[in-house]
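Report on one structure; see the data block that follows.
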């Protein structure tokens with residue numbers, strides 16, 4: 001769909017692409033805001049913290065493609081780069097991401113910030129686990 005932005009030969013290239021991470025930051029925040037809105041029944045505009053995305057990516061197979069001793073900011077950027085790469089390739093939509101996250105989020109209007117961070121981490125981990133095979137499929141198709 002956007003070949004000039006998604007011409008990558010490996011997962012390592014994707015997770016280290018700062019441009020993808022910048023776009024992915026906006027997408028992740030949109031996906032989460034819409035997912036939370038659906039889960040709580042009230043519109044939300046949220047910024048997903050780096051530690052939530054870092055914990056999510058560190059608990060999946062994608063983490064082995066990051067450099068050793070990756071800090072939370074870089075791990076969060078890697079997650080965001082993956083999301084942007086797949087969105088630009090037409091492999092995920094805003095609607096499907098928001099729906100998926102809303103079903104994973106155990107939230108209501110009274111949920112504490114700590115519990116929200118924990119449930120968001122679990123939701124983003126589950127989301128990434130369904131995204132990883134899509135990356136390998138694109139890379140093997142384009143090889």
Exercise. All but one of (1) without any contact (Cβ under 8 Å) to a residue 12 or more places away in the chain; (2) closer than 17 Å to residue 78 by Cα hold for residue 47; which doesn't?
Worked result: (1)
Problem set entry | Filter result for residue 84 (farther than 11 Å from residue 124 by Cα and either part of a loop (DSSP other than H, G, I, E, B) or modelled with pLDDT of 90 or more (or both)) | yes
Exercise. Out of the stretch 85-98, which residues are closer than 12 Å to residue 130 by Cβ, surrounded by fewer than 19 Cβ atoms within 10 Å (Cβ to Cβ) and touching a helix residue (DSSP H, G or I) at 6+ places or on another chain (Cβ under 8 Å)?
Worked result: 91
For this session: Sort out which residues of the stretch 4-21 are without any contact (Cβ under 8 Å) to a residue 12 or more places away in the chain and either closer than 15 Å to residue 78 by Cα or in contact with a strand residue (DSSP E or B) (Cβ under 9 Å, 6 or more places away or on another chain) (or both), and write them in order of number.
Result: 13
Exercise. Within the stretch 89-101, is there a residue that is in a helix (DSSP H, G or I), over 24 Å from residue 138 (Cβ atoms) and at pLDDT 90 or above?
Worked result: no
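The values are calculated or read from the model by the stated rules, or taken from the named source; none is laboratory data. These numbers were taken from a predicted model, which means no experiment stands behind them. Counting neighbours? That spans all protein chains shown, and the Cβs are built from the backbone with ideal geometry, glycine included.
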